[in-house]
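Contents: one structure, followed by commentary.
The values are calculated or read from the model by the stated rules, or taken from the named source; none is laboratory data. Please read all numbers here as calculations on a predicted model, not as lab measurements. Here the Cβ positions follow ideal geometry from the backbone for every residue, glycine too, while neighbour counts run over all protein chains shown. Please note that ligands, DNA and RNA were not included when accessible areas were found on the heavy atoms of the full protein model with its side chains. Shrake-Rupley method; radii C 1.70, N 1.55, O 1.52, S 1.80 Å.
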Amino acid sequence: MSDKLNLLDLTRDEMVEFFKEIDEKPFRAPQVFKWLHQFVADDFDQMTNISKSLKEKLKLVSEIRGPEIITEQLSDDGTIKWALKTKDGQAIETVFIPDGERGTLCISSQVGCVLNCSFCSTAQQGFNRNLTTAEIVGQVWLAARRIGALRTTGKRRISNVVFMGMGEPLLNFEPVVNSCNILLDDFGYGLSKRRVTISTSGVVPGLDKLIQQADVALALSLHAPNNQLRDELVPVNKKYPIEVLLPSVKRYLDDSSASKKVTIEYVMLKGVNDTAAHARELSRVLKDMPCKINLIPFNPFPKTRYDTSTRKDIEKFGEILIKKGFVVVTRRTRGEDIDAACGQLVGQVADRTRREERLQRKEGKISVKTVD
Ligand code: SAH
């Protein structure tokens with residue numbers, strides 16, 4: 001394994017520091033940074049405005065190492081899912097969801113997850129480790145290379161990035177914050193801060209310090225209108241209950257210029273949290289919260305104890321909230337045929353064989369294609 005510094009790990013400021021350390025002119029750092037993230041270069045030789053001697057020096061002490069593709073699956077609806085391999089052989093998943101000329105990239109922040117939400121398939125995997133900045137940014141870098149989201153071509157297909165893949169972003173704080181800042185940086189991916197979204201199940205200490213470090217859009221996985229039910233669905237609620245969590249979200253919104261409204265995510269579980277009474281209770285809980293509510297039909301996975309709410313119940317639930325003045329969107333399920341939908345991102349967590357079996361089982365049902 002190489003011990004060279006992976007340049008994808010560095011924010012622009014860190015790259016300036018690194019250039020000083022290796023006795024290079026600091027103004028060269030943003031140029032290299034731009035090559036990495038705007039032109040998504042994977043080779044120093046592509047950097048035409050960088051001198052040969054600097055390139056040679058960089059090659060000696062550093063590298064550009066993105067994740068390796070294990071599989072790339074293309075859904076009938078255009079969704080693309082990558083299983084990606086990290087340096088130590090872990091697998092993570094990244095999903096691109098196109099929407100006309102634009103598209104949302106859903107990225108992972110951890111291998112597995114500790115939070116154990118009862119309706120999420122990632123929870124079944126347990127937790128393995130946090131991803132590094134390079135591994136988080138590397139997902140965007142790789143997707144940009146694969147689907148041609150280069151500014152240079154004028155086709156900016158990755159318009160949004162959401163931390164809604166595997167893991168809890170606020171439990172991997174620094175790498176997530178650094179990654180956000182690389183995504184927002186004008187020398188980096190130059191995304192609008194309203195189009196980079198951290199989705200959290202409600203880790204209050206992380207939320208309380210987020211605004212000082214990164215100003216991005218916020219989504220909250222609420223899923224229940226009271227503590228009793230939320231304790232069951234999202235166990236981290238026992239630590240940070242609703243009456244502690246919502247004020248923390250409110251403080252974030254007050255201080256943020258990216259997120260004036262929080263997106264409330266609410267998974268629709270048949271007979272569990274989807275009745276008219278739940279909808280009314282939710283409207284009371286959220287009455288002072290600037291928000292839009294995203295109803296997510298539950299995506300089932302093997303051995304789950306839950307069912308998806310009926311379409312009628314989802315509509316009824318939404319209508320009650322709309323009547324109370326809320327903006328409600330029901331999320332369309334995308335990429336279902338390739339298990340790319342919410343909560344279906346099952347990575348390989350220190351268990352290669354299970355994944356391999358799974359992929360083999362799937363052969364015949366789906367095709368593993370490349371998308372040049
Ligand atoms: N840990 C973060 C981000 C990952 S989950 C969070 O909890 O927000 C991204 C979203 O998908 C969350 O709202 C999550 O609750 C939802 N989700 C998880 N499993 C799901 C499933 N099986 N069906 C539908 N949505 C699910």
Checklist line | Residue count, region 224-240 (criterion: open to solvent by 10 Å² or more (accessible area, probe 1.4 Å) and more than 24 Å from C106 (Cα to Cα)) | finding: 9
Notebook entry, point to check: What are the residues in region 273-301 that are within 14 Å of the ligand (Cβ to nearest atom) and either in a loop (DSSP other than H, G, I, E, B) or not assigned by TED's automatic domain parsing to the domain that holds A224 (or both), if any?
Noted result: N273, D274, F298, N299, P300, F301
Next item on the list: Would you mind telling me which numbered condition in (1) open to solvent by less than 60 Å² (accessible area, probe 1.4 Å); (2) charged (D, E, K, R); (3) in a helix (DSSP H, G or I); (4) under 17 Å from V140 (Cα atoms) K55 fails?
Entry: (4)
Check: Looking at this structure, is R145 more than 16 Å from the ligand (Cβ to nearest atom), without any contact (Cβ under 8 Å) to a residue 60 or more places away in the chain and among the charged types (D, E, K, R)?
Finding: no
Next item on the list: Quickly run through region 200-217 and pick out the residues that are buried (at least 24 other Cβ atoms within 10 Å of the Cβ), within 12 Å of the ligand (Cβ to nearest atom) and not hydroxyl-bearing (S, T, Y).
Entry: G202
Next item on the list: Being of a type in the set (S, T, Y) and buried (at least 18 other Cβ atoms within 10 Å of the Cβ) is the filter; apply it to region 241-273 and report the residue that is farthest from C120 (Cα to Cα).
Entry: S256
Check: Does region 37-54 include one or more residues that are modelled with pLDDT of 90 or more, acidic (D, E) and under 15 Å from the mean Cα position of the chain (by Cα)?
Finding: no
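Across region 299-315, which residue is farthest from N227 (Cα to Cα) among those that are open to solvent by less than 30 Å² (accessible area, probe 1.4 Å) and at pLDDT below 95? Quick ask: steps written out before the conclusion?
Step one: filter region 299-315 for residues open to solvent by less than 30 Å² (accessible area, probe 1.4 Å), giving 299, 301, 306, 309, 314.
When the remaining residues are screened for being at pLDDT below 95, the result is 299, 301.
Values: N299: 23, F301: 25 Å.
By that ranking, first place goes to F301.
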Notebook entry, point to check: Of (1) assigned to a loop (DSSP other than H, G, I, E, B); (2) at pLDDT 90 or above; (3) open to solvent by less than 60 Å² (accessible area, probe 1.4 Å), V95 satisfies all except one. Which?
Noted result: (1)
Item checked: Scope region 99-142; condition closer than 17 Å to T197 by Cβ, more than 16 Å from the ligand (Cβ to nearest atom) and open to solvent by 10 Å² or more (accessible area, probe 1.4 Å); matching residues -> D99, R102
Next item on the list: Run Q38 past the list (1) exposed (fewer than 12 other Cβ atoms within 10 Å of the Cβ); (2) closer than 30 Å to R334 by Cβ and report the number of the one that doesn't hold.
Entry: (1)
Margin query: Return the residues of region 58-80 that are within 22 Å of the chain's Cα centre (by Cα) and in a helix (DSSP H, G or I); say none if nothing qualifies.
Written below: none
Next item on the list: Give the residue, chosen from S221, S179, S159, that is closer than 24 Å to Q124 by Cβ and either away from the ligand (no atom under 16 Å from the Cβ) or surrounded by 22 or more Cβ atoms within 10 Å (Cβ to Cβ) (or both).
Entry: S221
